[in-house]
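Student: Please see the structure below; I have some questions.
The values are calculated or read from the model by the stated rules, or taken from the named source; none is laboratory data. These numbers were taken from a predicted model, which means no experiment stands behind them. Backbone-built Cβ (ideal geometry, glycine too); neighbour counts: all protein chains shown. With ligands, DNA and RNA removed, areas are computed over all heavy atoms of the protein, side chains included. Shrake-Rupley method; radii C 1.70, N 1.55, O 1.52, S 1.80 Å.
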Amino acid sequence: TEVTFVLATGGHNAGVVSPPGHPKSNYRVHLQASGDRYLDADLFLAHAQRGQGSWWPEWQRWLSAHSGPPVAPPSMGAAQRELFVLSEAPGEYVRMK
């Protein structure tokens, strides 16, 4: 199958939480088509495109290319089964002290 692999700098936590625009972030991305030969780490680094900043915009582009139009989530509750919405999100428990 086709695989898009992104390798981000900064460790697994920093790579996830660093927002777009972080000046020290960078990443590498490579698209491997179905049937392409395996790339070891050295070949990946030689072939992958380097991106400056957060990998989030790259992910957003990938998601947009692989997603359909936005769909509203279903309504909550199931009145026909007497399961009613108790309160609006995020819920009363969030406001409790």
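Student: With viscosity set to 1.306 mPa s and temperature to 10 °C, compute the Stokes-Einstein D of region 17-58, Rh being the Kirkwood radius across alpha carbon pairs; µm²/s, no decimals.
Tutor: Rounded, D is 138 µm²/s.
Student: Rounded to whole Å and sorted largest first, list the principal axis extents of the Cα atoms in region 7-94.
Tutor: 59, 34, 21
Student: Determine the shape class of region 53-97: with a ≥ b ≥ c the square roots of the Cα gyration tensor eigenvalues, call it rounded for a/c under 1.5, and otherwise prolate if a/b is greater than b/c, oblate otherwise.
Tutor: Here region 53-97 falls in the oblate category.
Student: Same structure, new question: Go ahead and set up a Gaussian network model of the chain, Cα springs under 10 Å, then flag whichever of L86, L43, L31 fluctuates most.
Tutor: L86
Student: Charges on Cβ only, +1 for Lys and Arg, -1 for Asp and Glu, centred on the Cα centroid of the chain; of F44, A72, S54, which one is farthest towards the dipole's positive end?
Tutor: About the Cα centre, the residue reaching furthest to the positive side is S54.
Student: Right, another one. Provide the per residue accessible area, probe 1.4 Å, for the chain, rounded to a whole number of square angstrom.
Tutor: Result: 86 Å² of accessible area for each residue.
Student: What's the angle, to the nearest 10 degrees (0 to 90), between helix 56-65's Cα axis and the longest principal axis of the chain?
Tutor: Compared with the principal axis, the helix lies near 80 degrees.
Student: So how strong a dipole does region 1-51 carry about its Cα centre when Lys and Arg Cβ are +1 and Asp and Glu Cβ are -1, to the nearest 20 debye?
Tutor: Magnitude of the dipole: close to 240 debye.
Student: Per residue of the chain, what 222 nm ellipticity follows from adding -39500 (n - 2.57) for every DSSP H run with n ≥ 4, rounded to the nearest 500?
Tutor: Estimated from H runs of four or more residues: -7000 deg cm²/dmol.
Student: If you don't mind, there's one more thing I want to ask. Specify the residue with the greatest mean-square fluctuation among R50, R37, R28, computed from a Gaussian network of the chain linking alpha-carbon atoms under 10 Å apart.
Tutor: R37
Student: Treating only the Cβ of Lys, Arg, Asp and Glu as charged (+1, +1, -1, -1), what charge dipole size does the chain show about its Cα centre? Round to the nearest 20 debye.
Tutor: The calculation lands at about 280 debye.
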